[in-house]
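Derivation of every value follows stated rules applied to the coordinates shown; laboratory data play no part. From a predicted model like this one, the values you see are computed outputs, not experimental measurements. Ideal geometry is used to build each Cβ from the backbone, glycine not excepted, and the neighbour counts take in all protein chains shown.
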Amino acid sequence: MKIITVQELKKLIDEKADFQLVDVREQYEFDDANLKGILIPMGEVMSRSNEIAKDKQVVVHCRSGARSASVINALEAQGFTNLYNLQGGIMAFINEIGL
């Protein structure tokens, strides 16, 4: 599984790179704090996988990185090859970068 650090993600955001950010947490978690990505809760990912880009880098994140890793494993089994797990999730982003 490919990973991306919070510093690398911050650079993508700052450079306005062409990538997709997918948040697989629940709505209440997203409402509390988010990185302005698309919200697709973990339980809905497989039925909404058509909303996930296949033609550019996709960064998937959750709270700490565990749920997003599970989602990436499932999507890679379906043929996705462009997914990156945010190491440490949004908690690492908040702690190291801030919102």
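Some observations on this one:
- The range 24-66: trypsin sites (Lys or Arg not before Pro) falling in loop per DSSP and having at most 15 other Cβ within 10 Å: 36, 54, 56
- Using just its DSSP H runs of length 4 or more, each adding -39500 (n - 2.57), the chain gives a mean residue ellipticity at 222 nm of -10000 deg cm²/dmol after division by all residues.
- Summed residue charge, Cβ within 14 Å of residue 54's Cβ, Lys/Arg positive, Asp/Glu negative: -2
- Karplus 3J(HN,Hα) series, Hz, for the range 17-26 with 6.51 cos²θ - 1.76 cosθ + 1.60 (x for Gly, Pro): 5, 8, 9, 10, 10, 10, 9, 9, 7, 8
- For residue 3, the residues 5 or more places off, or on other chains, whose built amide H falls under 5 Å of its own are 85.
- The Cα atoms of the range 35-99 give a gyration tensor whose axes a ≥ b ≥ c have a/c of 1.5 or more with a/b greater than b/c, which makes the shape prolate.
- Rounded to the nearest 20 debye, the dipole size of the chain about its Cα centre is 180 debye, using +1 on the Cβ of Lys and Arg and -1 on the Cβ of Asp and Glu.
- Qualifying GluC sites (Glu not before Pro) in the range 1-98, where qualification requires a DSSP coil assignment and no more than 13 other C-beta atoms within 10 Å, comprise 15.
- Segment residue 51-residue 73, extension gain: residue separation times 0.36 nm, minus the distance between their alpha carbons: 6.2 nm
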